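The values are calculated or read from the model by the stated rules, or taken from the named source; none is laboratory data. Everything quoted here is computed from the prediction, not taken from an experiment. Heads up, the Cβs are rebuilt from the backbone with ideal geometry, glycines too, and the neighbour counts pull from every protein chain shown.
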Amino acid sequence: MPIDTNEIARIVEPSLEAMGYRLVRVMLSGAKRPTLQLMAERLDEAPMSVEDCAEISRQVSALLDVADPITGAYTLEISSPGIDRPLVRPEDYDRFAGFEAQLELAQPQDGRKRFRGRLLGRAAGDVRLAGPAGEVRLPFAAIAKAKLVLTDDLLASAPPTPAQTL
């Protein structure tokens, strides 16, 4: 029976939000001993720490032990999205407007599946992207995967890590 990552998200999301975190993505990989990766970020947008990941791991482990959505053994991995984070939710495209992104569509549009450009936010169910040939509108529902591109602008916008503030 396939594992429903949306069901896992429904199980853990309320607790994460109560703890002060936002669930970014749930992903399952591997066949023999699968790895369940939960990507989360702090609601206050401060950088994630190892302690944050450990706290999330303890809470999520307890929730998944009770709900038992995965048959058999698996590895739980908690991570932060990082600076070149994936864009998963529709609101991510508004939140990160102005930054460069790479988007890949499930099916080609105008003969291509991959697009790169500056995010312009959303309009009427589309993601707006400023590319070399002007503005492109891509249906949010058609996007297979997307992420921010590591640029000087993106680096400059990142909050300082605790090591940088010493």
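If only residues of the stretch 30-72 that are surrounded by fewer than 10 Cβ atoms within 10 Å (Cβ to Cβ) and among the small types (G, A, S) are counted, the one that is modelled with the highest pLDDT is G72.
Screening A67, A124 for residues that are among the small types (G, A, S) and closer than 29 Å to V12 by Cβ leaves exactly one candidate, A67.
Here the stretch 16-27 is the region considered, the condition is being touching a residue at least 40 places away in the same chain (Cβ under 8 Å) and crowded, with 16+ Cβ neighbours inside 10 Å, and the residue that is farthest from G82 (Cα to Cα) is L16.
Considering L150, L119, the condition of being at pLDDT 90 or above and in a loop (DSSP other than H, G, I, E, B) is satisfied by L150 alone.
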